[in-house]
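Student: I'd like to ask some things about the structure below.
The values are calculated or read from the model by the stated rules, or taken from the named source; none is laboratory data. Note that the coordinates shown come from a computational prediction; the quantities given were computed from them, not determined experimentally. Surface areas here come from the heavy atoms of the whole protein model, side chains and all, with no ligands, DNA or RNA. Shrake-Rupley method; radii C 1.70, N 1.55, O 1.52, S 1.80 Å.
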Amino acid sequence: MKCTFTRKSGPIDIRTALPEKPKGFLDQFRVFIRSRGLAYATEKTYLLWAKRFVRFSKYQYPKTLGFRIPTI
């Protein structure tokens, strides 16, 4: 009995190349995530969360949001 597998055709999900000197927030965030060696699925999830938070904060800079950075 011969076993055959079928594969759904669709777009291939691969990592995008990063610029040598990332300027934007999301590119800098990608560099940080990749420097940690995290999985591509984790990278996509973290980027989605970051985009949602930026939209939630109405595109304000972090300094104007009133958050304090904890110091030890």
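Student: So for SER57, SER35, what's the accessible-area order with a 1.4 Å probe, most first? Could the numbers behind the result be given before it?
Tutor: Values: SER57 15, SER35 90 Å².
I get SER35, SER57, largest accessible area first.
Student: ³J(HN,Hα) across segment 15-27 via Karplus (A = 6.51, B = -1.76, C = 1.60, θ = phi - 60°), whole Hz, x for Gly/Pro?
Tutor: Whole-Hz 3J(HN,Hα) from phi for segment 15-27: 5, 8, 6, 9, x, 4, 10, x, 9, x, 4, 5, 5.
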